[in-house]
Amino acid sequence: MGNVLAASAPPPPPPPSPVAGFAKQDLATNAFSPVPLVSEVQQNLENPGTIEDLHKLCKDVFPVNFEGAKLMVNKGLSNHFHISHTINMSSITQSGYRFGATYVGTKQTSPTEAYPVLLGDIDPAGNLNANIIHQFSQRIRGKLVTQVQQSKYTAAQMTSDYRGDTYTVSVTLGNPDIISGSGVLVTHYLQSITPSLAVGGELAYQRGPGVPGGHIAVVSAAGRYTNGESTISGSLSLAGAHICFHQKASQQLQVGVELEVNSRTQESTGAIAYQIDLPKADLVFKGSIDSNWTVGAVLEKKLQPLPFSFALSGVMNHSKHQFRLGCGLIIG
């Protein structure tokens, strides 16, 4: 009697495992479906922006309070040139008149962006703030910021951004002085890992006679995670941590939470803010409260059909018993 196992046919070989780039067979429908390549997955990633704008969504929710009375007149002289006149009267901040100008070039990079952009403001004493922004190519953008106070250059900063398909590299040089060998150099890198996650880091190097040891370097890590209408961003270094959370609850309501921890002074500050938009009423309201018992709010109301906007600001510190009120009128 022969061996039954020996006479039986050998088992069929296992089906080959699908490899990226090749088709795999669907046994139920006897059809072939392509397997996406790794490069196709990477195409779903977008440029994450710059680390400078890492907390922008949360920061925009917080009100910008002012004190005293303010009058601003905006005038468009052409499609590319605009001027503004601002009169500020305050018992705390500097009062007086400021003239501002903005020029937008003819190099159209998107429906909402054109370069170069030149903007600045100056007061009768000669104090000047100026910004120059230009898009040199599709991936390279440069920015120059200067400040003049009492006929002296007090600040100068040059920034260059390179935007890749899935990453951004930025280099910033602040207050360079070749004679004394001082200045600040900051490099940023932000990379999209998934459509929802972006991580990166920052290296800041400062050199000068006033710095202990002659120079110092600080390294920090940063990241941002987005899930639908929620965004959480943070940065961590030996000096402390900075964490922000932004939630768009509805078309009318946005909420932002910010936490800053300073490991050197062993102090931390938390704040929460909200923004309410009522388009039908032409009204925007922003409010905030922090762990130092400071409550602030700003209300902006467009006075249709006139080209006027009314702004009302208030901030109160309950622990120090301080209150500041501001009102402003914007024309144009």
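The values are calculated or read from the model by the stated rules, or taken from the named source; none is laboratory data. Fair warning: this is a prediction, and the values are worked out from it, not measured in the lab. Cβ atoms come from the backbone with ideal geometry, glycine included; neighbour counts cover every protein chain shown. For accessibility, only protein heavy atoms count, side chains too; no ligands or nucleic acids. Shrake-Rupley method; radii C 1.70, N 1.55, O 1.52, S 1.80 Å.
Please quote Rg/Rh for the stretch 225-272 to two decimal places, taking the Kirkwood radius as Rh and restricting both calculations to Cα atoms.
Working: Rg = 12.8 Å, Rh = 11.7 Å.
Using Cα coordinates only, the ratio equals 1.09.
Could you work out the equivalent-ellipsoid semi-axes for the stretch 206-305, taking the square root of 5 times each eigenvalue of the Cα gyration tensor, largest first, in whole Å? Write out the running numbers ahead of the final one.
Numbers: eigenvalues 254, 58, 39 Å².
Equivalent ellipsoid semi-axes, largest first: 36, 17, 14 Å.
If you take the square roots of the eigenvalues of the alpha-carbon gyration tensor of the stretch 43-130 and sort them as a ≥ b ≥ c, do you get rounded (a/c under 1.5), prolate (a/b over b/c) or oblate? All intermediate terms of the calculation are to be shown ahead of the outcome.
Working: a/c = 2.65, a/b = 1.43, b/c = 1.86.
Judged from the Cα gyration tensor, the stretch 43-130 comes out oblate (a/c at least 1.5, b/c at or above a/b).
Return the inverse of the average 1/r over all pairs of distinct C-alpha atoms in the stretch 155-221, which is the Kirkwood hydrodynamic radius, in Å to one decimal.
On the way: mean 1/r = 0.0754 Å⁻¹.
One over the average 1/r among Cα pairs gives 13.3 Å for the stretch 155-221.
Filter the chymotrypsin sites (Phe, Trp or Tyr not before Pro) in the stretch 284-325 down to the DSSP loop ones having no more than 12 other Cβ atoms within 10 Å, then list what survives.
Working: sites: F285, W293, F308, F310, F323; in loops: W293.
Qualifying residues, ordered by number: W293.
Compute the orientation-averaged projected area for the stretch 150-284 from the convex hull of its Cα atoms and round it to one decimal in nm².
Details: hull surface 50.5 nm².
Approximately 12.6 nm², given one-decimal rounding.
Given the options N44, N127, N65, state which has the largest fluctuation in a GNM of the chain using a 10 Å cut-off (strictly under) for Cα springs.
It is N44.
Let me have the 222 nm mean residue ellipticity of the chain computed from DSSP H runs of 4+ only, each contributing -39500 (n - 2.57), with the sum over all residues rounded to the nearest 500. Provide the component values of the computation, followed by the final result.
Working: 3 runs with 13 residues, N = 332.
Value at 222 nm, helices only, nearest 500: -500 deg cm²/dmol.
Whole number in Å², please: accessible area per residue of the chain, 1.4 Å probe, ligands, DNA and RNA not counted. Before the final figure, lay out each step's value.
Details: 21750 Å² over 332 residues.
Per-residue value: 66 Å².
Which of the cysteines found in the chain have nothing to pair with, since no other Cys Cβ lies under 4.7 Å from theirs?
Within the chain, the cysteines lacking a partner Cβ under 4.7 Å are C327.
Give me the mean projected area, in nm² to one decimal, of the convex hull enclosing the Cα positions of the stretch 67-117. Please report the intermediate quantities before stating the final value.
Working: hull surface 17.8 nm².
Averaging across all directions leaves 4.4 nm² for the Cα convex hull.
Leaving ligands, DNA and RNA out of it, work out the accessible area of R163 with a 1.4 Å probe and give it in Å² to the nearest 10.
70 Å²
With +1 on each Lys and Arg Cβ and -1 on each Asp and Glu Cβ, how big is the dipole of the stretch 130-267 about its Cα centre, in debye rounded to the nearest 20? Walk me through the numbers before you get to the answer.
Numbers: 9 positive and 8 negative charges, 64 e Å.
Computed charge dipole of the stretch 130-267: roughly 300 debye.
What ranking, highest mean first, results for peptides 274-283, 47-56 when packing means the other Cβ atoms within 10 Å averaged over each residue?
Values: 274-283: 13.2, 47-56: 19.0.
Highest to lowest by the protection proxy: 47-56, 274-283.
Quick check: at a probe of 1.4 Å, how many percent of the accessible area of the chain sits on carbon and sulfur atoms? Could the numbers behind the result be given before it?
Values: 13580 of 21750 Å².
Of the solvent-accessible surface of the chain, carbon and sulfur hold 62 percent.
Stokes-Einstein D for the stretch 101-148 at 4 °C, 1.567 mPa s, Kirkwood Rh over Cα pairs, in µm²/s?
Working: Rh = 11.7 Å.
In µm²/s, the coefficient rounds to 111.
Please compute the alpha carbon radius of gyration of the chain, then divide it by the globular-protein estimate 2.2 N^0.38 Å. Two decimals is fine. Mind showing how you got there, number by number?
Details: Rg = 27.9 Å, N = 332, 2.2 N^0.38 = 20.0 Å.
In units of the globular-protein estimate, the chain measures up at 1.40.
Dividing the Cα convex hull volume of the stretch 123-172 by residue count, how many Å³ per residue is that?
Working: hull volume 3.3 nm³, N = 50.
Expressed per residue, the convex hull around the Cα atoms of the stretch 123-172 is 65 Å³.
Quick one: what Rg and Dmax do you get for the stretch 37-195 from the alpha carbons, in Å?
19.4, 65
What pairs in K152/K286; K56/K301; K56/K107; K59/K280; K59/K143 have C-alpha atoms more than 32 Å from each other? Walk me through the intermediate numbers first.
Working: K152/K286 37 Å; K56/K301 23 Å; K56/K107 26 Å; K59/K280 25 Å; K59/K143 21 Å.
In this structure, K152/K286 exceed 32 Å between Cα atoms.
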